[in-house]
Amino acid sequence: MPGTKDVGSKEKEKIFSGKSDTESYQEDVQDKRGQHPNSLANLQPFPKGVSGNPSGRPLRYENLKRILNEFGDKETKNWHGESEGTRREQVWKKIWQEAILGNMKYVQLLARLGCLDDKQ
């Protein structure tokens, strides 16, 4: 168009954004994330051998684990009132029964756990 001045992209950005030269310069020299002097002044290393998180990572499903362990310790009885052992023991028996019947999934589980190794 006649009478218009061709303006460079940097100039267009300044005009559009309304930023002055000093504001653009301040943005260019900003410290990178975590590198600001105030951030670095707060850092204090832990002494050697001391953890920064003494409690460790919180365990997931801690309540569920506790309840299942309590439930697994309960003894069950058959129709005649005879003990069948704890629920935990019944699971162990079932794993061995399935492995004896040839269910390879259970055989592999026992092998991975080292239950099929010779006792020394």
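The table below lists the values:
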read-out: Given (1) modelled with pLDDT under 75; (2) loosely packed, with under 10 Cβ neighbours inside 10 Å, number of the condition residue 7 does not satisfy; value: (2)
read-out: So residue 57, is it at pLDDT 80 or above and of a type in the set (D, E, K, R); value: no
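Every residue, every condition in (1) aliphatic (A, V, I, L, M); (2) modelled with pLDDT of 75 or more; (3) out of contact with any His (no Cβ under 6 Å at 6 or more places or on another chain), yes or no:
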site	(1), (2), (3)
11	no, no, yes
23	no, no, yes
26	no, no, yes
44	no, yes, yes
51	no, no, yes
77	no, yes, yes
90	no, yes, yes
99	yes, yes, yes
103	no, yes, yes
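The values are calculated or read from the model by the stated rules, or taken from the named source; none is laboratory data. Please read all numbers here as calculations on a predicted model, not as lab measurements. Cβ sites come from the backbone with ideal geometry, for glycine too, and all protein chains shown count toward neighbours.
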